[in-house]
Amino acid sequence: MPKGEKLYEGKAKVLYKGTEPGTIVQYFKDDATAFNAQKKGTIAGKGIINNKVTELVMHNLERIGIPTHFIERLSDREQLVREVEIVPLEVIVRNVVAGTMAKRLGMEEGIRLERPLVEFSLKDDALGDPLIAEEHILSLDLADEDELSEIFDMTHQINDFLRGMFAGIGIELIDFKLEFGRLYEEDEVSYSLILADEFSPDNCRLWDLKTGEKMDKDRFRRDLGGEVEAYQEVARRLGISLETEE
Ligand code: C5P
């Protein structure tokens, strides 16, 4: 697929300039990292699955009125997206206690929260993406009050929709991470907030509703094995074809 100069190589994706101005090509790799890249490996075929799962999720979210950066999938591992200025926050939504929340608060994983919890981390690999409060965001001007309120609204809508979507295929959506971006208009002053990055088993926790089996990157993080099969099973239940061009 034609793409322009390489802009950035992250842990799981490479970003290239798109051929049209204001566009980016996201290339999804099989590389997997955990614990801020202290653990490294690969999950065979992960890039293809994450590309296709992200396509499906972004497409469905657009249909319920959430603006996203997604334009179209170009190939097995590439998708074309709008170029945005990323808000330097990881927006984490939790429906059930797991992961760092369980550790930080000394709680058992699996406790259902009274209401969904939205947490923010500062997007900074060198600092290990530290948890921050809304007050930090406003005081440090990482986002303003209107943006924060829009982020909360969109995040809750996304959570409501995705919980239902996954429940429909026998999967509980435990938690996930979102990133938002500012899409500037031609005047380079006005902008709107849109959903960016990706949504895949790399950045959410998915537990089988019947067995409680983990179907996400925790299989890799925790050396549980079966990560390839788990990602494939998520794709299969979502009705995604894994026939590849490779
Ligand atoms: O590790 P923690 O429990 O805080 O993660 C919460 C959720 O956010 C998990 O679904 C995890 O996959 C996701 N996450 C992410 N990228 C990060 C941190 C967390 O995708 N840098």
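The values are calculated or read from the model by the stated rules, or taken from the named source; none is laboratory data. Model, not experiment: these values are computed from the prediction. With ideal geometry, Cβ positions are generated from the backbone for all residues, glycine too; neighbour counts draw on all protein chains shown. With ligands, DNA and RNA removed, areas are computed over all heavy atoms of the protein, side chains included. Shrake-Rupley method; radii C 1.70, N 1.55, O 1.52, S 1.80 Å.
In summary, ASP125 fulfils each of the numbered conditions (1) within 11 Å of the ligand (Cβ to nearest atom); (2) surrounded by 13 or more Cβ atoms within 10 Å (Cβ to Cβ) with the single exception of condition (2).
LEU183 meets all of the listed conditions (1) within 16 Å of the ligand (Cβ to nearest atom); (2) open to solvent by 30 Å² or more (accessible area, probe 1.4 Å); (3) in a strand (DSSP E or B) but one, namely (1).
Residue count for segment 89-119 under the criterion of being more than 11 Å from the ligand (Cβ to nearest atom), of a type in the set (Val, Ile, Thr) and outside any strand (DSSP E or B): the result is 1. Among the residues that make up segment 144-151, is at least one of them within 16 Å of the ligand (Cβ to nearest atom) and assigned to a loop (DSSP other than H, G, I, E, B)? No, because not a single residue in segment 144-151 is within 16 Å of the ligand (Cβ to nearest atom) and assigned to a loop (DSSP other than H, G, I, E, B). Residues in segment 1-56 that are open to solvent by less than 10 Å² (accessible area, probe 1.4 Å) and without any contact (Cβ under 8 Å) to a residue 24 or more places away in the chain: 1 in all.
Yes/no per residue for (1) over 19 Å from LYS13 (Cα atoms); (2) part of a loop (DSSP other than H, G, I, E, B):
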| residue | (1), (2) |
| --- | --- |
| GLN157 | yes, no |
| GLU179 | no, no |
| SER200 | no, yes |
| PHE220 | no, no |
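One residue stands out among those in segment 12-50 that are within 16 Å of the ligand (Cβ to nearest atom), part of a loop (DSSP other than H, G, I, E, B) and modelled with pLDDT of 95 or more: the one that is farthest from the chain's Cα centre (by Cα), which is ILE43.
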